[in-house]
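> Structure provided below as structure tokens; questions to follow.
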Amino acid sequence: QVQLVVSGGGLVQAGGSLRLSCAVSGRSFSHGAMGWFRQAPGKEREFVSAMTWRGMFYYSDSVKGRFTISRDSAKNTVYLQMSSLKPEDTAVYFCASTPYTGSDDSTLSTPNTYNYWGQGTQVTVSS
């Protein structure tokens with residue numbers, strides 16, 4: 001019954017910005033975590049960013065310094081602010097949710113950690 005609704009994708013020029021939103025309904029995981037992943041054509045799903053509802057934030061090396069994950073706890077919504085976009089960022093972006101109660105946050109970069117996924121939104125960056 002958990003649903004994740006993703007929005008905010010689109011077409012931008014290199015160097016531009018987009019903000020993705022992921023709204024969670026059906027359940028609230030006050031001690032859980034949210035993740036952002038992306039998948040380009042012919043590629044495996046790739047970790048982008050993650051956060052715990054208790055306030056820890058993580059990024060892949062490829063987006064660190066350019067992307068920012070944030071949250072609105074009252075609305076159970078997570079955002080991914082993407083700046084200085086590159087053509088290599090072109091992909092379908094997914095958000096995911098897990099009740100996650102573990103102490104090793106490195107597992108948040110692994111897709112199998114998450115049991116709920118949004119539908120994905122296309123981000124295209126032109127060169």
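The values are calculated or read from the model by the stated rules, or taken from the named source; none is laboratory data. Predicted model only: the values in this text are computed from it and were never measured. Backbone-built Cβ (ideal geometry, glycine too); neighbour counts: all protein chains shown. When the accessible area is computed, the model is the full protein with side chains, heavy atoms only, and any ligands, DNA or RNA have been set aside. Shrake-Rupley method; radii C 1.70, N 1.55, O 1.52, S 1.80 Å.
> Kindly provide the set of residues from region 106-121 that are open to solvent by less than 40 Å² (accessible area, probe 1.4 Å) and either part of a strand (DSSP E or B) or without any contact (Cβ under 8 Å) to a residue 60 or more places away in the chain (or both), ordered by number.
Our first condition is that a residue be open to solvent by less than 40 Å² (accessible area, probe 1.4 Å); within region 106-121, this holds for 108, 113-114, 118, 120-121.
Once the filter is applied, which keeps residues that are open to solvent by less than 40 Å² (accessible area, probe 1.4 Å) and either part of a strand (DSSP E or B) or without any contact (Cβ under 8 Å) to a residue 60 or more places away in the chain (or both), region 106-121 yields only T121.
> Among the residues of region 1-53, write down those that are surrounded by fewer than 18 Cβ atoms within 10 Å (Cβ to Cβ) and of a type in the set (K, R).
Across region 1-53, the qualifying residues are R19, R27, K43, R45.
> Would you please list the contacts, defined by Cβ atoms under 9 Å and residues six or more apart or on different chains, that run from a residue in region 78-97 that is under 19 Å from M34 (Cβ atoms) and modelled with pLDDT of 95 or more to a residue that is among the acidic types (D, E) and surrounded by 22 or more Cβ atoms within 10 Å (Cβ to Cβ)?
M82/D89
> Mind checking whether some residue in region 54-66 is outside any helix (DSSP H, G or I), basic (K, R) and touching a Phe, Trp or Tyr at 6+ places or on another chain (Cβ under 7 Å)?
To start, the set of residues in region 54-66 that are outside any helix (DSSP H, G or I) comprises 54-66.
Subset that is basic (K, R): 54, 64, 66.
Add one more test, that the residue is touching a Phe, Trp or Tyr at 6+ places or on another chain (Cβ under 7 Å), and what stays is none.
No, region 54-66 has no match at all.
> Any chance you could count how many residues in region 83-98 are part of a loop (DSSP other than H, G, I, E, B), of a type outside the set (V, I, T) and buried (at least 17 other Cβ atoms within 10 Å of the Cβ)?
Initially, region 83-98 is screened for residues part of a loop (DSSP other than H, G, I, E, B), giving 83-86, 90.
Remaining after also requiring of a type outside the set (V, I, T): 83-86.
Next, from what is left, pick out any that are buried (at least 17 other Cβ atoms within 10 Å of the Cβ): 85.
Counting residues in region 83-98 that are part of a loop (DSSP other than H, G, I, E, B), of a type outside the set (V, I, T) and buried (at least 17 other Cβ atoms within 10 Å of the Cβ) gives 1.
> Which ones in region 82-114 are over 15 Å from F47 (Cα atoms) and of a type outside the set (A, V, I, L, M)?
Our first condition is that a residue be over 15 Å from F47 (Cα atoms); within region 82-114, this holds for 83-87, 99-104.
Scanning region 82-114 gives S83, S84, K86, P87, P99, Y100, T101, G102, S103, D104.
> Give the residues of region 61-76 that are closer than 19 Å to V123 by Cα, open to solvent by less than 60 Å² (accessible area, probe 1.4 Å) and not aliphatic (A, V, I, L, M), sorted by residue number.
Answer for region 61-76, where residues must be closer than 19 Å to V123 by Cα, open to solvent by less than 60 Å² (accessible area, probe 1.4 Å) and not aliphatic (A, V, I, L, M): S62, R66, F67, S70.
> Within the set of pairs 6+ apart or on separate chains, which have a first residue in region 29-57 that is within 22 Å of S7 (Cβ to Cβ), a second that is in a loop (DSSP other than H, G, I, E, B) and open to solvent by 40 Å² or more (accessible area, probe 1.4 Å), and C-beta atoms under 6 Å apart?
Short answer, once both residue conditions are applied: F29/P99; G32/P99; F37/R45; Q39/R45; W53/S30.
> Only residues in region 16-28 that are part of a loop (DSSP other than H, G, I, E, B) count as the first member; pair them with residues that are at pLDDT 90 or above and β-branched (V, I, T), Cβ under 9 angstrom, at least 6 apart or cross-chain, and list the lot.
G16/V125
> Quick one: would you say L80 is within 30 Å of S127 (Cβ to Cβ), in a strand (DSSP E or B) and either open to solvent by 30 Å² or more (accessible area, probe 1.4 Å) or not charged (D, E, K, R) (or both)? Steps first, answer last, please.
Numbers: within 30 Å of S127 (Cβ to Cβ): yes; in a strand (DSSP E or B): yes; either open to solvent by 30 Å² or more (accessible area, probe 1.4 Å) or not charged (D, E, K, R) (or both): yes.
In short, yes.
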